[in-house]
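Let me begin by presenting the structure, written as structure tokens, before commenting on it.
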Amino acid sequence: MARKVLVLAEARDNSLRNVSFETISAGKTVAEGGEVVAVLLGDGVSSLATELFHYGADKVVTVEDEKLKTYTPDGYAQALLAVIDAESPEGLVIGHTALGKDLAPKIAGKLNSGLISDATDVEATGGNLVFTRPIYSGKAFEKKIITDGLIFATIRPNNIAPLAKDESRTGEVSSLSVDIKDLRTIVKEVVRKASEGVDLSEAKVVIAGGRGVKSEDGFEPLKELANVLGGAIGASRGACDAEYCDYSLQIGQTGKVVTPDLYIACGISGAIQHLAGMSNSKVIVAINKDPEANIFKVADYGIVGDLFEVVPLLTEEFKKL
Ligand code: FAD
């Protein structure tokens, strides 16, 4: 059954985040041969439409307003609801990002619709659209279908592969004018923490350190490995609590959820709360002195040893490739 599906594209610093292409890919499955309309909200973002076509969008709708320059729940909800009103989609897909986690329930509430959140997969099978989502902190997965109304889901970044880029694809861009008003929040300034290297939530490779790194300086060998592999640095709460690194790096139940292609856990015991944030990574390598450490239960490759010996050796070997 062909459907019209809206997907929300996310941009930061005038470039599209990967999750935008993943929402298009999920949107294609939901559309079942119908139309995928990507929505771009912001100020001066229309030029990004071209890339959305390359990744499979059939049409792009933009809402440009200086009040949409930075995300506010009110502003984005007004703009997106106006697009929904104008396009009357049967499906809506948003990334399960910081923005999406905030916006999606608000939209579902306003539309009086259901919402499948944090889906890691969607497939059209047996006449149904079946969404998969982790439950019990990733220890099990449930399958869900929506039987009526809007098919609305948020998708976990790094799980649904984008479609292959096709630079010959183009499409119609239409701009919608929306009177954004009565904002209860106004962002006056965004002060970003100086971040080194790759964005943790979108990284294909994550090198994470735990209390075993023993100090702030103990992260240095991990950073060198991350540089060689083009990866991002993450951490356990143990390392954050010990002030070896910033809480923005924390992975786990009360931190970020990551699903990179490669996760290297260094000096992390593997507490259940940490596993909740990384156990769905595609390949997990654990380096720990303790052969009984829980992290080895989820690891594809385990190295029993001192991280300060093993990590520099790995860095040297990867440099040779
Ligand atoms: P430890 O448990 O102390 O483990 C350190 C490991 O390093 C040990 O296994 C040790 O063998 C190894 N080691 C030491 N030296 C070396 C060396 N030189 N080389 C190799 N290995 C070495 N934790 C999270 O991570 N994320 C969360 O989101 C989170 N949320 C929580 C929420 C709640 C409500 C609660 C109660 C806890 C939460 N925790 C979370 C904390 C969690 O329970 C653990 O305390 C924490 O993950 C432990 O961090 P760690 O593995 O770095 O430290």
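Of note:
- Residues that are at negative phi, of a type in the set (D, E, K, R) and at pLDDT 95 or above number at least 3 in the following helices (runs of 4 or more DSSP H) confined to the range 3-111: 73-87, 98-111.
- Pairing residues of the range 272-287 that are of a type in the set (Ser, Thr, Tyr) with residues that are assigned to a strand (DSSP E or B) and surrounded by 24 or more Cβ atoms within 10 Å (Cβ to Cβ), at Cβ distances under 6 Å and at least 6 apart in sequence or on separate chains, gives Ser281/Tyr263.
- Members of the range 251-278 found to be more than 15 Å from the chain's Cα centre (by Cα) and either crowded, with 24+ Cβ neighbours inside 10 Å or under 19 Å from Leu307 (Cβ atoms) (or both), listed by number: Leu262, Tyr263, Ile264, Ala265, Cys266, Gly267, Ile268, Ser269, Gly270, Ala271, His274, Leu275
- Selection status of Glu142, of a type in the set (Asp, Glu) and in a loop (DSSP other than H, G, I, E, B): no
- In summary, helices (runs of 4 or more DSSP H) completely within the range 231-321 and bearing 1 or more residues that are more than 13 Å from the ligand (Cβ to nearest atom) occur at 307-320.
- All positions within the range 76-95 that are under 15 Å from Lys59 (Cα atoms) and of a type in the set (S, T, N, Q): Ser88
- Of all residues in the range 167-179, those that are touching a residue at least 12 places away in the same chain (Cβ under 8 Å) and closer than 10 Å to Ala86 by Cβ have Cβ atoms under 7 Å from Cβ atoms of residues that are part of a loop (DSSP other than H, G, I, E, B) and among the acidic types (Asp, Glu), 6 or more apart or on another chain, in Val178/Asp65.
- Evaluated against (1) touching a helix residue (DSSP H, G or I) at 6+ places or on another chain (Cβ under 6 Å); (2) open to solvent by 20 Å² or more (accessible area, probe 1.4 Å); (3) closer than 21 Å to Gly230 by Cβ, Leu313 falls short on exactly one condition, (1).
The values are calculated or read from the model by the stated rules, or taken from the named source; none is laboratory data. These numbers were taken from a predicted model, which means no experiment stands behind them. Using ideal geometry, Cβ is built from the backbone for each residue, glycine included, and neighbour counts are taken over all protein chains shown. The accessibility values were calculated without ligands, DNA or RNA, using every heavy atom of the protein model including side chains. Shrake-Rupley method; radii C 1.70, N 1.55, O 1.52, S 1.80 Å.
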